[in-house]
Amino acid sequence: MTDTKGGTCLSCGGSSFTKDRSRGEMICTSCGLVASDHILDRGPEWRAFTAEDRKARERTGAPMTLRIADKGLSTTIDWRNKDASGRPIGGQRRASIYRMRRWHRRTRARGSNYRNLISALSEMERLASQLAVPRDTQETAALIYRKALKKKLVRGRSIDAVVAASIYLACRIHRIPRRLHEVSVESRATRKEVGQSVRLVLSQVDVKVPVASARDLIPRLSSDLGFKGETVKRATEIIVKARRRGITVGKDPGGIAGAALYIAGILEEDRRTQRKVAKAAHVTEVTIRNRYKDLVRSLGISFGLDPTA
DNA sequence: AAGACGAAAGTGGTTGA
DNA sequence: TCAACAACTTTCGTCTT
């Protein structure tokens, strides 16, 4: 409990508030009203300097706060200026009731968006930790989701799908190799739904997302398969060349990355079976073979001579 | 026996009339 | 809404190591 902030309490008219940092709540010091509904909207003010601080607020702060804020006023306030026994209410008390009514209306008007955001953010938290997505990437995801929400893209489709899409896109922006199917496996939405949401968000929301590249998948795949450094380097070269020839467009990046690693493995005498590579890359052996053929043909790779180039 | 290869048919999704 | 289509998968038989 530390700093106090300006403003007027809607319940008692008091002007002093206590801020509970761990919960992100604003509490009126004279009547105890939890007045915190704006905290969600003040994105920038949420910035904290330590990881713990940020974590504490992001996780439990917003949703819990809102839940509390709503709880206090979930009943309707009668419009007549009478008290329970029918006597008229006057003076300061009356003004205070009026303010409460207005506040109540406002909360309700924005209520559906808030409610949506609450469940979305908690789902996002769950998904992100499941996928080991870093904090800043998660923030990007939250931002994308908010934009989508503002554009009414969530209407009529599942929150989970749009959340998953936001995380997937945020990962791509931050070049964190998370593939669509990985995200959808952890999501409650199906791969199809997530995919559709990704496309929708991509077309409607103003985010620039780099194209998914096979290159970004190399580090993960190679560590899964235990390739040595030289092999990884060579695989990366192969992909760079392949992209320059334009034979990577429209193909599953997993297949390309897998095939490049497979080829590099042969060239570097660091071989893995197609089966293993395919499994790690989440494609079939056939796809590895097809990409392998494409790559070998268009890059003129030969396996006979000592590969020193 | 395991791995590599390729043909053929099937799947789920996009695109364009 | 439907058909054509591209990418990928499944399945399976055959060759190679």
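The values are calculated or read from the model by the stated rules, or taken from the named source; none is laboratory data. These figures come from a predicted structure and were not determined experimentally. Note that each Cβ is placed from the backbone with ideal geometry, even for glycine, and that neighbours are counted across all protein chains shown.
Key figures for this structure:
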read-out	value
Among the residues listed as A:258, A:254, A:250, the single one being within 12 Å of DNA strand C (Cβ to nearest atom), under 26 Å from residue A:170 (Cβ atoms), out of contact with any strand residue (DSSP E or B) (no Cβ under 7 Å at 6 or more places or on another chain) and in contact (Cβ under 8 Å) with a residue 40 or more places away in the chain	A:254
Complete set of residues in the range A:203-233 that are among the charged types (D, E, K, R) and not in a helix (DSSP H, G or I)	A:206, A:208, A:228
Index of the failed condition, residue A:212 passing every other in (1) closer than 20 Å to residue A:154 by Cα; (2) of a type in the set (A, V, I, L, M, F, W, C); (3) touching a Pro at 6+ places or on another chain (Cβ under 7 Å)	(1)
Residue within the range A:154-163 that is within 20 Å of residue A:113 (Cβ to Cβ) and surrounded by fewer than 15 Cβ atoms within 10 Å (Cβ to Cβ) present	yes
Residue A:236 being part of a helix (DSSP H, G or I), hydroxyl-bearing (Ser, Thr, Tyr), buried (at least 23 other Cβ atoms within 10 Å of the Cβ) and free of Cβ contacts under 8 Å to residues at least 60 places away in the same chain	no
Residue, farthest from the chain's Cα centre (by Cα), within the range A:238-291, restricted to residues that are under 15 Å from residue A:217 (Cα atoms) and within 9 Å of DNA strand B (Cβ to nearest atom)	A:262
From the options A:220, A:215, residue that is crowded, with 17+ Cβ neighbours inside 10 Å, closer than 24 Å to residue A:174 by Cα and of a type in the set (D, E, K, R)	A:215
Complete set of residues in the range A:261-280 that are more than 17 Å from residue A:233 (Cα to Cα), among the basic types (Lys, Arg) and within 12 Å of DNA strand C (Cβ to nearest atom)	A:275, A:279
Meets criteria (within 15 Å of DNA strand C (Cβ to nearest atom), over 22 Å from residue A:177 (Cβ atoms), modelled with pLDDT of 85 or more and among the charged types (D, E, K, R)) for residue A:297	yes
